[in-house]
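The values are calculated or read from the model by the stated rules, or taken from the named source; none is laboratory data. As the structure is a computational prediction, the values presented were derived from the model and not from experiment. Note that each Cβ is placed from the backbone with ideal geometry, even for glycine, and that neighbours are counted across all protein chains shown. Side chains are part of the model used for accessible areas, which takes the heavy atoms of the whole protein and leaves out ligands, DNA and RNA. Shrake-Rupley method; radii C 1.70, N 1.55, O 1.52, S 1.80 Å.
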Amino acid sequence: MAKTTTLTTTRLIVEGALMIALATALSYLKIFELPQGGSITIEMLPLIIMGLRNGVKWGALTGFVHGVIQMILGFKNVMYCTTILSQFGCIMLDYVLAFTVLGLPLILKFFFGKKHDFAGVIAGTIFVCVLRFICSFLSGLLIWGSYAPEGQSAAVYSFLYNGSYMLPNTIICVIVVVLMYKIAPKIFAKQKQNFVKE
């Protein structure tokens with residue numbers, strides 16, 4: 001039993017590391033990048049797939065680690081914040097929480113059941129993209145609101161700015177997920193947490 005658990009954990013760690021590496025590589029393949037941060041990529045997809053295949057715990061952990069890596073790579077953005085509180089808010093909303101939530105699609109997919117697995121995969125994908133948008137919206141509202149054009153509220157600015165890249169990202173993710181599901185649905189199947197003993 002101990003050997004089985006060790007093999008399972010090893011597989012999950014390796015798969016998570018591969019998904020993080022893939023997401024990091026995809027983060028550099030930007031279709032479009034906005035001047036104050038945010039870009040159109042398919043970086044989110046490997047993290048979503050990890051969550052669908054391996055559940056909330058491993059999906060969230062993979063997203064969290066990826067978020068920390070992205071924070072380290074983009075730490076100069078954090079330094080634009082003028083106070084310790086705003087730096088903490090930036091770290092949490094722009095990196096840690098923003099990517100951790102991408103590993104949670106199984107929360108919504110669960111309610112659809114096996115008979116509606118396809119719909120559950122799509123709903124779970126949209127769900128986590130909306131959660132990430134909420135993180136970005138709150139960051140824009142609470143931290144980056146000073147960038148709003150004169151006469152425009154921070155809330156409207158954040159909604160429009162973050163929506164301008166998160167909506168295309170969501171659409172792209174859903175399209176790719178649909179194509180992948182049609183071609184190889186087993187990719188999205190929740191993996192068993194134990195190997196069969198030989």
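Whether any residue in the range 110-118 is closer than 24 Å to GLY38 by Cβ and small (Gly, Ala, Ser) is what I want to check.
To start, the set of residues in the range 110-118 that are closer than 24 Å to GLY38 by Cβ comprises none.
No, the range 110-118 contains no residue that is closer than 24 Å to GLY38 by Cβ and small (Gly, Ala, Ser).
Let's see how each residue does on (1) within 23 Å of GLY140 (Cα to Cα); (2) open to solvent by less than 20 Å² (accessible area, probe 1.4 Å):
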{"position": "ASN54", "(1), (2)": "no, yes"}
{"position": "GLY59", "(1), (2)": "no, yes"}
{"position": "THR62", "(1), (2)": "no, yes"}
{"position": "PHE75", "(1), (2)": "yes, no"}
{"position": "TYR80", "(1), (2)": "yes, no"}
{"position": "GLY103", "(1), (2)": "yes, yes"}
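Of the residues that sit in the range 25-46 and are among the small types (Gly, Ala, Ser) and not in a loop (DSSP other than H, G, I, E, B), which one is most open to solvent (accessible area, probe 1.4 Å)? Break it down stepwise before answering.
First, the residues of the range 25-46 that are among the small types (Gly, Ala, Ser): 25, 27, 37-39.
Still in the list and also not in a loop (DSSP other than H, G, I, E, B): 25, 27, 39.
Details: ALA25: 55, SER27: 11, SER39: 23 Å².
If we take residues in the range 25-46 being among the small types (Gly, Ala, Ser) and not in a loop (DSSP other than H, G, I, E, B), then ALA25 is most open to solvent (accessible area, probe 1.4 Å).
Among the residues of the range 63-121 satisfying the criterion of being outside any helix (DSSP H, G or I) and among the aliphatic types (A, V, I, L, M), which is modelled with the highest pLDDT?
First pass over the range 63-121, keeping only residues outside any helix (DSSP H, G or I): 74, 79-83, 104-105, 113.
Keeping just the survivors that are among the aliphatic types (A, V, I, L, M) gives 79, 104.
On the way: MET79: 80, LEU104: 95.
Here the residue is LEU104.
Checking SER164 against (1) crowded, with 21+ Cβ neighbours inside 10 Å; (2) touching a residue at least 40 places away in the same chain (Cβ under 8 Å); (3) of a type in the set (Gly, Ala, Ser), which test does it fail?
(1)
For LEU97, state whether it is under 19 Å from LEU73 (Cβ atoms), open to solvent by 40 Å² or more (accessible area, probe 1.4 Å) and in contact (Cβ under 8 Å) with a residue 12 or more places away in the chain.
For LEU97, the condition - under 19 Å from LEU73 (Cβ atoms), open to solvent by 40 Å² or more (accessible area, probe 1.4 Å) and in contact (Cβ under 8 Å) with a residue 12 or more places away in the chain - is met.
Out of THR62, THR24, I need the residue that is of a type in the set (Ser, Thr, Tyr), in contact (Cβ under 8 Å) with a residue 40 or more places away in the chain and over 25 Å from TYR80 (Cα atoms). Which one?
Residue meeting the stated conditions: THR62.
Sort out which residues of the range 181-195 are at pLDDT 75 or above and open to solvent by 50 Å² or more (accessible area, probe 1.4 Å), and write them in order of number.
LYS182, ILE183, PRO185, LYS186, ILE187
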